[in-house]
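Only one structure is covered here, and it is reproduced in the block below.
The values are calculated or read from the model by the stated rules, or taken from the named source; none is laboratory data. Predicted model only: the values in this text are computed from it and were never measured. For neighbour counting, all protein chains shown are included, and Cβ atoms are generated from backbone atoms with ideal geometry for every residue, glycine included.
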Amino acid sequence: IQDLTLKRGGRTILRKINLTIRAGEIYGILGPNGAGKSSLAYAIMGCNDYQPDEGKIIFKGQEITNLPIWRRAKLKITLAWQEPARFEGVTAEDYLLLGMEEKNRVEAEEALQKVLLEPKEYLKRKVDKTLSGGERKRIELAAIFAMRPQLAILDEPDSGIDILALDRIIGFIRELREKEKTVILITHRAEIARIAERAVLIGEGYLVKEGSSQDVVEYYENRCLPCPKFR
Ligand code: ADP
Ligand code: MG
């Protein structure tokens, strides 16, 4: 990510962000609410209305800054939303199989088990308002696992997930990063950012600090001043 600037509604949301994320690592994006983390995720994924105003995004040597979202999906970049979507009439099974290049029901069931959902109970459930936010979040994470992406952008994967299941979600993220698979892990919680090897701290659209996740977490917890609007 080179000099990425994103402006929306007359405001600058991201300011000249430079990041190099290596293949095969878990890379943390840490920062308080409103820092610009989700906007950065949408820009990398290529969501509508999140085209950068300046700068470039390069994926495996290819510039993708202006590619539409579906072209990026074909490059096996995927995003788990902070607020997972609802799909009227679509079952968890349909949803899981849809993302898999080779449809495999056994693997879909295994993916559900990874996020602690019993396949027998959940495969036929509709991915709509009858599921809790946490259950939808888990089904979305399972779908990403089954999809075997090259780059998985996980936007606050722990939100809505029971604190007791957190260890399992952490294990899940580690497993997602197989050989040469890359995970961008977005969070506002230091204990989640610690799973990453390297991380960046973003505040009010600025890159505040980059480095090992230990250093970035230490800075966030002990040395990061509140952003001006909170002072
Ligand atoms: P985070 O994920 O770190 O909490 P966001 O990326 O969601 O932060 O938001 C960063 C800031 O950008 C917020 O102040 C938010 O209101 C603003 N923002 C995000 N998207 C838009 C948009 N499409 N139009 C106007 N403002 C936006
Ligand atoms: Mg966010």
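A few remarks follow.
- Which numbered condition Gly34 fails, given (1) in a loop (DSSP other than H, G, I, E, B); (2) more than 18 Å from Gly9 (Cα to Cα); (3) within 16 Å of ligand 2 (Cβ to nearest atom): (2)
- Considering Leu6, Leu40, the condition of being in a strand (DSSP E or B) and surrounded by 15 or more Cβ atoms within 10 Å (Cβ to Cβ) is satisfied by Leu6 alone.
- Scan of the range 18-31 for residues that are outside any loop (DSSP other than H, G, I, E, B) and either within 13 Å of ligand 2 (Cβ to nearest atom) or in contact with a Cys (Cβ under 9 Å, 6 or more places away or on another chain) (or both), ordered by number: Ile29, Leu30
- Subset tally (residues that are more than 16 Å from ligand 1 (Cβ to nearest atom), within 20 Å of the chain's Cα centre (by Cα) and surrounded by 15 or more Cβ atoms within 10 Å (Cβ to Cβ)) for the range 75-91: 5
- Scanning the range 146-168 for residues that are of a type in the set (A, V, I, L, M), within 16 Å of ligand 2 (Cβ to nearest atom) and over 14 Å from the mean Cα position of the chain (by Cα) turns up just one, Ile161.
- Matching residues, the range 9-37, being buried (at least 22 other Cβ atoms within 10 Å of the Cβ) and either more than 14 Å from Ile202 (Cβ to Cβ) or without any contact (Cβ under 8 Å) to a residue 40 or more places away in the chain (or both): Ile26
- Filter result (hydroxyl-bearing (Ser, Thr, Tyr), outside any helix (DSSP H, G or I) and surrounded by 15 or more Cβ atoms within 10 Å (Cβ to Cβ)) within the range 189-225: Tyr206
- The numbered conditions (1) more than 28 Å from Lys60 (Cβ to Cβ); (2) assigned to a helix (DSSP H, G or I); (3) of a type in the set (D, E, K, R) are all true for Glu83 except (2).
- Residue in the range 60-72 that is of a type in the set (Ser, Thr, Tyr) and either within 17 Å of the chain's Cα centre (by Cα) or at pLDDT below 95 (or both) present: no
- Residues of the range 176-203 that turn out to be over 16 Å from Ile21 (Cβ atoms) and either within 15 Å of the chain's Cα centre (by Cα) or within 13 Å of ligand 1 (Cβ to nearest atom) (or both), as a count: 4
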